[in-house]
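Everything on this sheet refers to the single structure shown next.
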Amino acid sequence: MDIQIVILKMHAQDQIGWLALVDNTTVGHIFMRVEKDKTLKFLDAWVSEEHRRKGIYRRLWNTRWQYVKDNYKGWNVYAWCKPMSLPLLLEKGFSKGDTCVYVEKLIK
């Protein structure tokens, strides 16, 4: 499977993203936001169900990580992640913070 990774620079929203394409179809994405005080926030990532477990998430993550290392030396980066993504962040040297729990309620 030939996976192409392309960058998207959305200056109006201070976001940068990367798309994973297979046969010119988007099968995944990953984003980050440039914040004040030399801070980056890693945002959501997604890979389509039929393309999961093929290394696409890791490839997107590594592409973003290399971009950050090449262009943002001396900056701080933070992220919120799901338990499934935590091992990769720990592998990259991130420190684990407090645990958050998702809650929801239907407004009646």
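Met1 falls short on exactly one of the conditions (1) surrounded by 10 or more Cβ atoms within 10 Å (Cβ to Cβ); (2) touching a residue at least 40 places away in the same chain (Cβ under 8 Å); (3) in a loop (DSSP other than H, G, I, E, B), and that condition is (1).
Residues in the range 11-29 that are assigned to a strand (DSSP E or B) and among the hydrophobic types (A, V, I, L, M, F, W, C): Ile16, Trp18, Leu19, Ala20, Leu21, Val22, Val27. Yes or no: the range 59-76 includes at least one residue that is part of a loop (DSSP other than H, G, I, E, B), closer than 17 Å to Val6 by Cα and either hydroxyl-bearing (Ser, Thr, Tyr) or free of Cβ contacts under 8 Å to residues at least 24 places away in the same chain (or both). No - not one qualifying residue is present in the range 59-76. Within the range 6-19, is even one residue touching a residue at least 40 places away in the same chain (Cβ under 8 Å), surrounded by 11 or more Cβ atoms within 10 Å (Cβ to Cβ) and closer than 28 Å to Cys100 by Cβ? Yes, there is a match, as at least one residue in the range 6-19 is touching a residue at least 40 places away in the same chain (Cβ under 8 Å), surrounded by 11 or more Cβ atoms within 10 Å (Cβ to Cβ) and closer than 28 Å to Cys100 by Cβ. Only one of the numbered conditions (1) surrounded by fewer than 17 Cβ atoms within 10 Å (Cβ to Cβ); (2) closer than 20 Å to Pro87 by Cα is not met by Phe31, and that is (1). Is there any pair with a first residue in the range 22-35 that is of a type in the set (A, V, I, L, M) and a second that is surrounded by fewer than 15 Cβ atoms within 10 Å (Cβ to Cβ) and not in a strand (DSSP E or B) whose Cβ atoms are under 9 Å apart and which are 6 or more apart or on different chains, and what are they? That search, which allows pairs on different chains as well, returns Val22/Met1; Val22/Asp2; Val27/Ser48; Val27/Glu50; Met32/Tyr67; Val34/Asp14; Val34/Trp75.
Checking each residue in the range 81-102 for being in a loop (DSSP other than H, G, I, E, B) and surrounded by 10 or more Cβ atoms within 10 Å (Cβ to Cβ) picks out Cys81, Ser85, Lys92, Phe94. Evaluating Glu50 against the criteria (1) assigned to a loop (DSSP other than H, G, I, E, B); (2) acidic (Asp, Glu); (3) at negative phi leaves one unmet condition, (1).
Bear in mind that the values in this text are calculations on the coordinates, not laboratory data. Not measured: the values here are computed from a predicted model. Reconstructed Cβ throughout: ideal geometry from the backbone, glycine too, with neighbour counts over all protein chains shown.
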